[in-house]
Amino acid sequence: MSLEEIRTLVEQYFAWLKDKTTLKAIDENWMEVTTPLLDRHNDFLQIYIRKEGQRFLLSDDGYVLADLEQSGCSIDSQKRQQLLKVTLNGFGVREEKGRLEVLATREDFARRKHNLLQAMLAVNDLFYVARPYVTSLFYEEVVSWLDLMEVRYTANKKVTGKSGFDHMFSFIIPKSKAKPERFVQAVSNPNRAAAEKLITAWFDIQETVEDNARAFAILNDSDDRIKAGVPEALLNYDIKPIPWTMRDEAREMLTA
């Protein structure tokens, strides 16, 4: 796979984002923006924009956190609140009375909009659990396992790609004498949208990381949650899929 091929695919992705984005005036103050990015219900992600002086307020109108609450995933514990804060801070997004928001200028509008959408997807994936009585988050389980295996990592690290957009990775494992730098994404809901998001992020950072860096996706395979074609799609773009139930077989790739 050539660098030029990767660059072309990334450019096609951003062109697709632009072409498939639609606008609708809600009232004289608010504009609704519908994007082609899908949430876990396979609904298009929507954000709302209002001008405030010389800046623009971008908001999810409380959709992401309200949807999680309605699905039985509460984030009211101190540990989960801290995880939410760290995740949002990584994208420069704030929580305001249940809404995810950012302020943007004309100059940084595209980057801020991208960051808000990425934060919405990250929070949705990070906190989503399938059953109300499941108390352990998949991300927390991955953290506990990495700690048990004594893997050295930096958690929730933001990486800027060639496009200028930021991408959040669950864990970055530094290089050693034996192993290259490794980028690891914990994916609690491994569907097509999650795979496309990770593939795009990995493409975009190719020129900003070391040449021999590797990417891994730890996939939550409980209840047959991995959608058909996801592991194959990741492998096609040099991202190693690791089903959670087979994590011990991948230990050697992540340690040292």
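Quick note: the coordinates plus some simple rules give every number you see, no bench work behind them. In this text the structure is predicted, and so the values were computed from the model without any measurement. Ideal geometry is used to build each Cβ from the backbone, glycine not excepted, and the neighbour counts take in all protein chains shown.
Taking a ≥ b ≥ c as the square roots of the eigenvalues of the alpha carbon gyration tensor, the stretch 169-256 is oblate, as a/c is not under 1.5 and a/b does not beat b/c.
Each Lys or Arg adds one and each Asp or Glu takes one away; over the other residues whose Cβ falls under 15 Å from the Cβ of A228, this sums to -2. Estimated at 0.36 nm per residue, the fully extended path between V86 and W30 surpasses their Cα-Cα distance by 17.3 nm.
Length gained on full extension, R55 to R192: 45.9 nm, using 0.36 nm per residue less the C-alpha separation.
Under a point-charge model restricted to the Cβ atoms of Lys and Arg (+1) and Asp and Glu (-1), what is the dipole moment magnitude of the chain relative to its Cα centre, in debye to the nearest 20? Present the calculation step by step, with values, prior to reporting the outcome.
Details: 35 positive and 40 negative charges, 100 e Å.
That gives the chain a dipole magnitude of about 480 debye.
Distance from the Cα centroid of the stretch 175-201 to that of the stretch 51-77 is 26 Å (rounded to whole angstrom).
The residues neighbouring Y139, those whose beta-carbon lies less than 12 Å from its own, together hold a net charge of -1 under the Lys/Arg +1, Asp/Glu -1 convention.
Each Lys or Arg adds one and each Asp or Glu subtracts one; over the other residues with Cβ under 12 Å from the Cβ of M253, this totals +3.
May I ask for the angle, rounded to the nearest 10°, between helix 3-19 and the longest principal axis of the chain, with both axes built from Cα atoms and the value confined to 0 to 90°? Rounded to the nearest ten degrees, it is 30. Using only side-chain charges placed at the Cβ, +1 for Lys and Arg and -1 for Asp and Glu, the dipole size of the stretch 3-127 relative to its Cα centre rounds to 340 debye. Restricting the count to DSSP beta bridges whose residues both fall in the chain, what percent are antiparallel, rounded to a multiple of 5? Taking every DSSP beta bridge within the chain, about 75 percent pair in antiparallel fashion.
Over the chain, what relative contact order in percent results from Cα pairs under 8 Å that are six or more residues apart?
Working: 398 pairs, mean separation 34.6, N = 256.
Answer for the chain is 14 percent.
Placing unit charges on each Cβ (+1 for Lys and Arg, -1 for Asp and Glu) gives the stretch 3-127 a dipole about its Cα centre, and among I26, L117, Q12 the Cα reaching farthest toward its positive end belongs to L117. Taking the inverse of the mean 1/r over every pair of distinct Cα atoms in the stretch 182-222 gives a Kirkwood hydrodynamic radius of 10.9 Å. Judged by the mean number of other Cβ atoms found within 10 Å, the most tightly packed of the peptides 153-159, 206-212 leads the ranking 153-159, 206-212. Computed about its Cα centre, the charge dipole of the stretch 87-201 is approximately 380 debye, with only Lys, Arg, Asp and Glu carrying charge at their Cβ.
Relative to the compact-globule scaling 2.2 N^0.38 Å, provide the ratio for the alpha-carbon radius of gyration of the stretch 102-256.
Values: Rg = 15.6 Å, N = 155, 2.2 N^0.38 = 15.0 Å.
Dividing the Cα radius of gyration by 2.2 N^0.38 Å gives 1.04.
As a rough guide to protection, the peptides 17-24, 30-37 ranked by mean Cβ packing within 10 Å, highest first, stand as 30-37, 17-24. Residue separation of T105 and L17 scaled by 0.36 nm, minus their Cα-Cα distance, works out to 29.6 nm of gained length. By the helix-only formula, in which each DSSP H run with n ≥ 4 contributes -39500 (n - 2.57) and the sum is divided by residues, the chain has a 222 nm mean residue ellipticity of -11000 deg cm²/dmol.
Please list log₁₀ I(q)/I(0) at q = 0.13, 0.23 Å⁻¹ for the stretch 3-127, using the Debye equation with identical point scatterers on the alpha-carbon positions. Treating every Cα as an identical point scatterer, log10 I(q)/I(0) equals -0.57, -1.44.
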